[in-house]
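Structure first, commentary second.
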Amino acid sequence: MPTNAMLAGAAIPKGDLSVGETIQSENKLSYSGWKVTLAAFVGVMVSFAAIIPFTFSLFLAPLQGTFGWRREAISRAFAITALTVAACSPTIGSLLDRLPPRRIILPSIIVFACGVASLSLLRGNIAQFYATYLLIGVVGNGTAQLAYSRAVLTWFEQRRGLALAVVLTGSGTGSIVMPLIAQHMITTHGWRASYSTLGVIALLGFPLTALLVRNRPVPEVIAKRGAVTVKISGVLKTRVFWLIAVPVMLAALSLNGAIAHLGALLTGRAITPASAALALSMLGVSGIIGRLITGHMLDRVFAPTVSLVVLLIATAGIVVIAYATTASMGVLGAFLLGFGSGSEADVVPYLIAKYFGRARFSTLYGLSWTAYAVGGATGPVMMGHAFDKAGTYLSSSVLLLAAPLVVAALFQLLLPAYPSLDIAMYDAGPVLEPAIENAL
């Protein structure tokens, strides 16, 4: 099987200079892979991942005031889109493994943008509201980091962790910017104008994606020699896959459970709404910082070790929040929680690529999103149940959220060394990682 050195020295078709760029080129800003990464950053910043989760709550009161819908009924739309994303992510991932990324991303951007903008046309039929969020959920991950990560990965070996971190930072940046824009439009022009504006913003990722996002091209003769089929059924039988997927689910349970109730928890302890809002903003800021630092470390330290540390940092954040009675404690807890949450998002795709290669990366990453959705949907409900039972957020109830994070951290100690470039032996038999892939 050809090595990177062989690729660097192979005959390159005339006019296809990007094929000849070596691993050493990854440290140069002029490297073509960084242009793809920049386009991915912008795309993710205005994607489903940045717009829907972080602006949905801003429309609760306006929609209730306009149509008289109960907030519980409005909130069902978010559950519909979350479950749809979980169900559709493996299919989107499988398509990304077989087709050029732009064939999936560009149509998804158009459908997503039109769906968001169409919410400005609501006329009181809540079924229309639900149907729109169902459609948004179908294409949602076709616009987000799941869609862009595989293309970026094909360009990087040495700086893979940092490149993934930059892509994921897009959602963190969007989580800070999008609520501000949405709330400004609601305040000044109304909720209908806000939905229209978000729909237009969602299209901003289209031009750069169309121009720059593509998998790294490879000479056909080498691609045929390096291509190896990785069977998903075989991967799902391996111990390693579940050592990645189960911690994803456990971490999502804890992190989403804490984040979803953070504002209410702090204000319920006599912390001012302004300070609670500052703590929520800190989640986005520390998430960006965590992703960039973690991405840098992944290129230098064994990834399960990095994951162990960031999960324990998130655990410390929950412990601080459990006993937070002042604004400073709330902000500190939110910083630690956001740092760990953002960092863990970096580690998962990195681990998948390292252990299973890139041939079926998007399919496996999509399956990890399903695991995330299961945990992410469970945590907030558990915390809501604990609050309803006690009538308040007990420190002991919040501390229980730390337990799944500790278990997820311990799982990292069970992950083996990375497989060799050419072949990896797992419980279910050989699972091959291609040294070089077909350019899509």
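Within the full protein context, the accessible area of His385 is estimated at about 130 Å² for a probe radius of 1.4 Å. Quick check: Cα centre of the range 266-300 to Cα centre of the range 87-103, how many Å? The two parts, judged by their Cα centres, are 31 Å apart. For the chain, the ratio of Cα radius of gyration to the globular rule of thumb 2.2 N^0.38 Å stands at 0.98.
Report note on the peptides 302-309, 349-356, 391-398, 89-96: ranked by the mean count of other C-beta atoms within 10 Å, highest first, their order is 349-356, 89-96, 302-309, 391-398. The helix-only estimate of mean residue ellipticity at 222 nm for the chain, built from DSSP H runs of length n ≥ 4 each weighted as -39500 (n - 2.57), is -24000 deg cm²/dmol after division by the residue total.
Reported to the nearest whole Å, the Cα centre-to-centre distance from the range 348-410 to the range 138-181 is 19. Computed packing ranks the peptides 37-50, 323-336 as 37-50, 323-336, most packed first, by mean other Cβ atoms within 10 Å.
Which whole-number percent is the relative contact order of the chain (Cα, under 8 Å, 6+ apart)? For the chain, the relative contact order is 24 percent.
Extension gain for Ser120 to Leu394 (0.36 nm times residue separation, less C-alpha to C-alpha distance): 94.6 nm. Can you work out the base-10 log of I(q)/I(0) for the range 257-351 at q = 0.10 1/Å, using the Debye formula on its C-alpha atoms alone? Each listed q corresponds, in turn, to -0.26. Scoring 286-293, 197-204 by mean Cβ neighbours within 10 Å over their residues and listing the highest first yields 286-293, 197-204.
Extending 7 Å from Cα along the Cβ direction at Glu72 and again at Leu211 yields two label points whose distance is 5.0 nm. Within the range 254-290, what residues put their amide N at less than 20 Å from the label point 7 Å along the Cα-to-Cβ vector of Gln64? Backbone N within reach: 260-269, 273-274, 276-277. Can you give the accessible area of Ile176, probe radius 1.4 Å, in Å² rounded to 10? Estimated to the nearest 10 Å², Ile176 gives 60 Å².
Could you work out, for the range 20-100, what percent of all Cα-Cα pairs fall into each 10 Å distance bin, beginning at 0 Å and stopping at the bin that holds the largest distance? Reading the bins upward from 0: 14, 27, 28, 18, 9, 4, 0. Relative contact order for the range 256-373: 31 percent, from Cα pairs under 8 Å spaced at least 6 residues apart, divided by residue count. Per residue, the accessible area of the range 281-391 comes to 34 Å², computed with a 1.4 Å probe over protein heavy atoms only.
Taking Cβ atoms as reference points and 10 Å as the exclusive limit, the residues near Arg291 contribute a net charge of -2, counting Lys and Arg as +1 and Asp and Glu as -1. Here the extension length gained between Ala131 and Trp242 equals 36.6 nm, from 0.36 nm per residue of separation less the Cα-Cα distance. Of all complete DSSP H helices in the chain, those with a Cα span along the helix axis of 15 Å or greater and a mean Kyte-Doolittle hydropathy of -0.5 or more are 32-45, 71-98, 101-118, 126-140, 160-189, 191-202, 239-267, 273-298, 303-322, 327-356, 361-390. Heavy atoms of the protein chains alone define the surface here; on that basis the range 59-149 has 39 Å² accessible area per residue at 1.4 Å probe size.
The values are calculated or read from the model by the stated rules, or taken from the named source; none is laboratory data. Since the model is a prediction, treat every value here as computed from it, not as a measurement. Ideal geometry is used to build each Cβ from the backbone, glycine not excepted, and the neighbour counts take in all protein chains shown. Protein only, heavy atoms only, side chains kept; ligands, DNA and RNA dropped before computing areas. Shrake-Rupley method; radii C 1.70, N 1.55, O 1.52, S 1.80 Å.
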